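The values are calculated or read from the model by the stated rules, or taken from the named source; none is laboratory data. The structure displayed is predicted, hence computed values, not measured ones. Neighbour counts run over all protein chains shown; Cβ positions are idealised from the backbone, glycine included. SASA here: full protein model, heavy atoms, side chains in, ligands and nucleic acids out. Shrake-Rupley method; radii C 1.70, N 1.55, O 1.52, S 1.80 Å.
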Amino acid sequence: MREYLLTLCITAAVTYLLTGPVRKFAIVAGAMPEIRARDVHREPTPRLGGIAMFFGLCAGLLVADHLTNLNEVFEKSNEPRALLSGAALIWLIGVLDDKFEIDALIKLGAQMIAAGVMVMQGLTILWLPIPGVGTVALTQWQGTLLTVALVVITINAVNFVDGLDGLAAGMVCIASAAFFMYAYRIWYSYGIEAAAPATLFAAVLMGMCVGFLPHNMHPARIFMGDSGSMLIGLVLAAGAISVTGQVDPDVMKLFSGSERNAVHQMVPVYIPLLMPLTIIAIPAADLILAIVRRTWRGQSPFAADRGHLHHRLLEIGHSHSRAVLIMYFWSALIAFGALAYSVNSASMWIVLGVVFLSAVGLVLLLLPRFTPRAPRWAEAFVPPRYRRRRAASALAAAEAEGAASSEDAGDAGGTGSAEGVAAADDEPRRPVPVGVSGGPGVPGVNGATALGARSRVPRG
């Protein structure tokens, strides 16, 4: 465990320290695309955060290769090298996309090629534990197709959910933490060395996300871009493939005792089928809903829009940070709920706990729909938005102040009569868009985004 934690810390430190220089490089290289209609942020933000994450991955694997116990993973298995090869390819395509906006079909083809590279080096699904049937060996073509499909789905699911500051990195970090506990339990409790690569991949992935999150939390100073989202999606899929198709369930020797005990003991074998789905449950749901929504409208499945889950949370009324925390909550509930069920599937308390936390999550999800007003005696203990009387009095005072300022402006403008003031009040007020000149005497308005043209005072 100490060596896994050391690998995690080294990966996080390298990623964190490199993200600052990478941000400056992205600004110099011009990897700051214009704000699109579907974007949530208000000002151009540099991308290419995946560069720091990739070098963090390389540093973590390099350190693990020189540790006493983890060195056996590189000697007995070719999976770390397969992961590094596929990650380098998908990372390169992501860097080019962050800079030049590559076509979606080209990226899809590159994802398939990266998955094929990993399959050629031995990182593939060899068999599947099917409930009621047992362990089913797959042919080479079946294993290749299933591996490529899982890699492509995971990469795009993580890429789709990368829409808010810190969302994708945080959700993947939570999922990889649950997956690390699961893989480490198989490796340590059952003594199965084939689960060691998946445990290493999960530790490195946690380090990549932890090191990048301080720079990516709201308000984000840098985005991971496709170079980062596709990279962490591939690493997440590689760990799931390793523990699902490489660990032989027969080695666990769970077929003993009564039939009921055997069913409960077989849960850790069936969990590999569910754990890859639970760790990407939220991103995968977002991916499926996006494809159905766009196809129903007659659009391309790759056409971008503002209908993702995080966009809907913002439309409901959640703030940026609260929407991210809600997505964190549901990701942790699903991933760690499946992990707890794999440890003790016979406990009813686990099921009741998951149901209770799901109810709490639904209440938090729908909270902006309800704006209760506190009674008079409790107004001093609640936020201002729940104070009925104080909110009303503040609104009335603001309206009175605005009316007084309008009258003062009318008097200062030289109207000199009641008709002039009435004419000024009746004139409709035209909103001035950001960065657009409001007409004669109205300079261009530049808010915090500073995207519009700035007024320049001539130097005389």
Obtain the nm distance between the two label points defined at residue 316 and residue 365 by a simple spin-label model: each point lies 7 Å from its Cα along the Cα-to-C-beta direction. 0.6 nm
Stretched fully, the stretch from residue 68 through residue 112 gains (0.36 nm per residue minus C-alpha distance, one decimal, in nm) 12.4 nm
Could you give me the ³J(HN,Hα) list for segment 102-118, computed from phi with Karplus coefficients 6.51, -1.76, 1.60 and θ = phi - 60°, whole Hz, x at Gly and Pro? 6, 4, 5, 5, 5, 5, 4, x, 5, 5, 5, 5, 4, 5, x, 5, 5
Calculated FRET value between residue 25 and residue 185, using beta carbons and R₀ = 25 Å, to 0.05: 0.05
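How much length would be gained if the chain were fully extended between residue 289 and residue 193, taking 0.36 nm per residue of separation minus their Cα-Cα distance, in nm to one decimal? Each step should come with its number before you reach the end.
Working: separation 96, 0.36 × 96 = 34.56 nm, distance 3.83 nm.
Stretched out fully, the residue 289 to residue 193 stretch lengthens by 30.7 nm.
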Pull up all non-local amide H partners of residue 127: gap of 5 or more, or a different chain, and H-to-H distance under 5 Å with H placed in the peptide plane. 138
Would you kindly derive the ³J(HN,Hα) couplings of segment 71-80 from the backbone phi angles with the Karplus curve 6.51 cos²θ - 1.76 cosθ + 1.60 (θ = phi - 60°), listing them in order in whole Hz, with x for Gly and Pro? 4, 5, 4, 6, 7, 9, 9, 9, 5, x
For segment 84-191, what % of the accessible area comes from carbon and sulfur atoms, probe 1.4 Å? 72 percent
Quick one: what are the phi-derived ³J(HN,Hα) couplings along segment 14-19, Karplus 6.51/-1.76/1.60 with θ = phi - 60°, whole Hz, x for glycine and proline? 5, 4, 5, 6, 7, 5
For residue 135, which sequence-distant residues (separation of 5 or more, or a different chain) have an amide H within less than 5 Å of its own amide H, given hydrogens modelled in the peptide plane? 130
Stretched fully, the stretch from residue 96 through residue 141 gains (0.36 nm per residue minus C-alpha distance, one decimal, in nm) 13.1 nm
